1. List, largest first, the extents of the alpha carbons of the stretch 1-153 along their principal axes, each in whole Å.
2. When you have a sec, figure out the Kirkwood radius of the chain from all distinct Cα pair distances and drop it here in Å to one decimal?
3. Can you compute the modelled spin-label distance between Glu233 and Lys429, with each label point 7 Å from Cα toward Cβ, in nm?
4. Simple spin-label model, 7 Å along Cα-to-Cβ: Asp130 to Met1 in nm?
5. Extending each Cα 7 Å along its Cβ direction at Asp96 and Asp289, get the distance between those two points in nm, one decimal.
6. Most exposed first by the Cβ proxy, i.e. fewest other Cβ within 10 Å, how do Ile323, Ile128, Ile402 rank?
7. Once you charge only the Cβ atoms, +1 for Lys and Arg and -1 for Asp and Glu, what is the size of the charge dipole of the chain about its Cα centre, to the nearest 20 debye?
8. Starting from the eigenvalues of the Cα gyration tensor, five times each then square-rooted, give me the equivalent ellipsoid semi-axes of the stretch 343-447, largest first, whole Å.
Amino acid sequence: MDELVALCKRRGFIFQANEIYGGMQGLYDYGPLGVELKNNIKHSWWASMVYDRDDVEGLDASILTAQNVLKYSGHEDTFTDPMVDCKDCKSRWRADQLDGSQCPGCKSKNLTEPRPFNLMFKTSVGPIDDGTSFAYLRPETAQNIFTNFKNVVDSTSKKLPFGIAQVGKAFRNEITPRNFIFRVREFEQMELEFFCLKGTDEKWHKEWVDARIAWWEAQGVSKDSLELYNVPEDELAHYSKATVDIMYKFPHGLEELEGIANRTDFDLGSHSKNQSELNLDALVKENKDSNSKLAVQDIETKNWNVPYVIEPSAGVERGFLAILNEAYRVESLEGGKERTVLGLKAHLSPIKAAVIPLKRNHDGLVAMAQEIKNELQGLKLGRVLLENSGNIGKSYRRHDEIGTPLCITVDFESLEDGTVTVRDRDSMKQDRLKIQDIKSELKKLINGTDV
Ligand code: ATP
């Protein structure tokens, strides 16, 4: 983990938030390369969920969430972690993460009894802060997918089974944020709520577990680093009938990367009016505030069905950490030297190609490198860099370390015959190619096809 943290800071992937004022625990900022990798992960998820399927629509809902949404969702009552205080050093800890009954800070056993601590952030809304007009920062993106269920159905005429996908920020006031970006207070989720008829829910649950594992593998996370955990009944969230966690071997241990829950008819039922007409399976709080029935009507029987929901919910930051960890390697080279490589899948690489003139500030070489850069950038495959450093070896090392799949060197021969040296990050093999051929090479590498 220390090596990954150091690489992230050194190369501009991730910085401690508010660092110049001493930093703030559990918050991180994503630098020039981090934002590219993060966007690429989110884009890959969105493409697989929305573009590659015919049964999923997208949504981007607000972060500030009305109290009623999180009251009826059950979060006000149950979204808590057990907290203990150390009476000696005054530190606070999550009771379920203690090793025995000892304070991890000062090793004292003088701890309070655990008490529930609600993880939701509250903020006041409007010009008068008298405590009555407040909203929550959403603790998961899911809830406003549920509250928009009818809007999406009415505007798209979607029929069951179908899903609504959303990527966006979520906030949890974690008692002990830790392990770099693994547990933070502000993060992003990639969530799909997949609505299906009761009775088909278990089949869909299994299908989504398989689909999600396949997606992680396509991002370069090897199957050997993943494990499935069937959450036991006494650990299930209040809305869940069954949950399968995809666990990843993080540098600090085996922990949850993504959860795939069968949320039954709990959420749509909870946010609906006239619940007694809906034949709900889930035990829900009586709702006197909603003005909507979140159900679909069977055309033949005219019965109202409240769909069951399967929810694959993945954290972008945990995905980022897993993908970095999988990609990171230090290789021994001849002469006792080493090189650090981020073997990222090309579609995730922050920089797709670097174009390097052999000599710094040489008019002819730089002009040609700039032209190649512009042509490759024009393919719209992601960011391409002109590396006018004049030090080829150093540029190769930097680009190996940040995961750039191709480095293209423009030399004096290039000026004569229009060919350049193309170096592959993983094999370090160098080929002489014409500019036209680099374009299709790059397309193949990133899209899997040069069309
Ligand atoms: P944990 O048990 O690790 O706290 P959780 O079961 O509460 O996680 P979910 O509510 O299932 O997490 O959230 C779905 C996903 O959101 C998780 O699988 C994880 O990837 C991500 N996530 C949840 N909490 C955090 C956090 N504090 N920091 C970063 N990612 C998070």
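Where a number appears in this text, it was derived from the coordinates with a stated rule and is not lab data. Fair warning: this is a prediction, and the values are worked out from it, not measured in the lab. Here Cβ is always computed from backbone atoms with ideal geometry, including for glycine, and neighbour counts include all displayed protein chains.
1. 57, 45, 36
2. On the way: mean 1/r = 0.0404 Å⁻¹.
By the Kirkwood definition, the hydrodynamic radius is 24.8 Å.
3. 5.7
4. 4.7
5. Modelled inter-label distance: 2.6 nm.
6. Values: Ile323 23, Ile128 9, Ile402 26.
Least to most surrounded, the residues fall as Ile128, Ile323, Ile402.
7. Values: 59 positive and 71 negative charges, 195 e Å.
Using only the charged Cβ atoms, the result is roughly 940 debye.
8. Numbers: eigenvalues 76, 44, 30 Å².
Value: 20, 15, 12 Å, ordered largest first.
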